[in-house]
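Have a look at this one before I ask anything.
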């Protein structure tokens with residue numbers, strides 16, 4: 001019998017994926033239990049979903065923290081263990097062309113907000129953190145705090161596109177505007193880049209000529225609600241292994257990337 005894993009979730013909005021995971025836990029479809037739900041947004045409806053199911057909730061108000069940093073940078077203090085220069089080197093969200101001072105302000109405000117998230121998360125024992133519509137990029141500070149063992153990532157995300165195509169905030173919209181005949185969703189581990197971590201699972205759907213963007217989103221969400229619990233169950237069963245593979249880029253350059261391998265049951 002598989003021991004239940006303890007799952008925490010971070011959300012920003014309505015929490016439909018959160019509800020799908022909660023339902024899968026309560027129906028014993030997956031070997032997991034929700035131990036907390038945190039948000040960057042005090043008004044996130046997903047917090048009410050969690051509270052209705054007696055799951056502890058908390059908020060780290062990103063908007064208030066970012067406003068304070070931007071208005072008076074000297075009034076805020078970074079966590080003692082946050083080396084800003086090192087974090088800026090690690091991140092791959094932004095190119096080297098971004099203005100250094102602007103990047104510093106961004107990283108500082110996010111690290112302060114993440115430190116508040118982590119402080120509140122410390123009250124709970126968890127095995128996995130899932131991002132269920134959490135609309136904030138995570139910095140290496142948060143990622144390294146949660147991923148104690150680099151080859152055993154513990155932060156999972158669901159993305160509304162078939163990665164590596166269409167990373168970013170509007171996956172279904174980008175899929176629609178590009179004129180794709182197939183859309184889908186992806187569950188992946190978080191790394192230092194934007195939707196660039198090892199892919200765990202994907203589901204696809206056909207896009208018909210008459211499909212609107214709203215219809216594409218509807219198709220995608222229905223698959224998301226199936227895929228996320230399935231990938232959490234793979235994690236619970238210990239069937240996800242991270243491996244390093246060498247790939248060739250379009251220019252012929254060899255690069256090493258982490259991939260998620262799914263182990264079959266004996």
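The values are calculated or read from the model by the stated rules, or taken from the named source; none is laboratory data. On a predicted model such as this, the values are computed, not experimentally measured, just so you know. Cβ: placed from backbone, ideal geometry, glycine included. Neighbour counts: every protein chain shown.
Give me a count of the residues in segment 69-83 that are surrounded by 15 or more Cβ atoms within 10 Å (Cβ to Cβ) and in a helix (DSSP H, G or I).
So the answer is 1.
Another question, then. Looking only at segment 6-20, filter to residues that are within 26 Å of residue 115 (Cβ to Cβ) and surrounded by fewer than 21 Cβ atoms within 10 Å (Cβ to Cβ); which one of those is nearest to the chain's Cα centre (by Cα)?
Initially, segment 6-20 is screened for residues within 26 Å of residue 115 (Cβ to Cβ), giving 6-13, 15, 17-18.
Filter once more, keeping what is surrounded by fewer than 21 Cβ atoms within 10 Å (Cβ to Cβ): 6, 12-13.
Details: 6: 17, 12: 11, 13: 14 Å.
Here the answer is 12.
Kindly indicate which of 87, 103, 93 is in contact (Cβ under 8 Å) with a residue 24 or more places away in the chain, surrounded by 14 or more Cβ atoms within 10 Å (Cβ to Cβ) and not in a loop (DSSP other than H, G, I, E, B).
On the way: 103 fails: in contact (Cβ under 8 Å) with a residue 24 or more places away in the chain; 93 fails: not in a loop (DSSP other than H, G, I, E, B).
When all the criteria are applied, what remains is 87.
For residue 229, indicate whether it is under 24 Å from residue 140 (Cβ atoms), touching a strand residue (DSSP E or B) at 6+ places or on another chain (Cβ under 9 Å) and touching a residue at least 24 places away in the same chain (Cβ under 8 Å).
Here the answer is no, as residue 229 does not meet what is asked.
Restricting attention to segment 208-236, and to residues there that are more than 27 Å from residue 93 (Cβ to Cβ) and either touching a helix residue (DSSP H, G or I) at 6+ places or on another chain (Cβ under 6 Å) or modelled with pLDDT under 95 (or both), which single residue is surrounded by the fewest Cβ atoms within 10 Å (Cβ to Cβ)?
For segment 208-236, the residue satisfying everything is 225.
Let's see how each residue does on (1) farther than 18 Å from residue 141 by Cα; (2) at pLDDT below 95:
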position: 13; (1), (2): yes, no
position: 18; (1), (2): yes, no
position: 36; (1), (2): yes, no
position: 42; (1), (2): yes, no
position: 47; (1), (2): yes, no
position: 51; (1), (2): yes, no
position: 68; (1), (2): yes, yes
position: 75; (1), (2): yes, yes
position: 78; (1), (2): no, yes
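If the requirement is being in contact with a helix residue (DSSP H, G or I) (Cβ under 6 Å, 6 or more places away or on another chain) and more than 17 Å from residue 133 (Cα to Cα), which of these qualifies: 246, 200, 259, 242?
Going through 246, 200, 259, 242 in turn, the sole match is 200.
Hey, another quick one. Before we move on, is residue 113 under 19 Å from the mean Cα position of the chain (by Cα) and part of a helix (DSSP H, G or I)?
Numbers: under 19 Å from the mean Cα position of the chain (by Cα): yes; part of a helix (DSSP H, G or I): yes.
Against the criterion (under 19 Å from the mean Cα position of the chain (by Cα) and part of a helix (DSSP H, G or I)), residue 113 qualifies.
Can you give me the ranges of the strands (runs of 3 or more DSSP E) entirely in segment 119-198 with at least 1 residues that are touching a strand residue (DSSP E or B) at 6+ places or on another chain (Cβ under 9 Å), surrounded by 18 or more Cβ atoms within 10 Å (Cβ to Cβ) and free of Cβ contacts under 8 Å to residues at least 40 places away in the same chain?
Values: elements: 128-131, 155-159, 182-189.
Fully inside segment 119-198 and qualifying: 155-159, 182-189.
From 55, 65, which residue is in contact with a helix residue (DSSP H, G or I) (Cβ under 9 Å, 6 or more places away or on another chain), surrounded by 12 or more Cβ atoms within 10 Å (Cβ to Cβ) and part of a helix (DSSP H, G or I)?
Working: 55 fails: part of a helix (DSSP H, G or I).
After applying the criteria, what remains is 65.
Can you give me the number of residues within segment 21-44 that are assigned to a helix (DSSP H, G or I) and buried (at least 22 other Cβ atoms within 10 Å of the Cβ)? Break it down into steps so the answer makes sense when it comes.
Taking segment 21-44 as the starting set, the residues that turn out to be assigned to a helix (DSSP H, G or I) are 21-26.
Filter again for buried (at least 22 other Cβ atoms within 10 Å of the Cβ), leaving 21-22.
The qualifying residues number 2.
If you don't mind, another one. Report the residue count in segment 81-135 for those that are over 15 Å from residue 67 (Cα atoms) and at pLDDT below 95.
22
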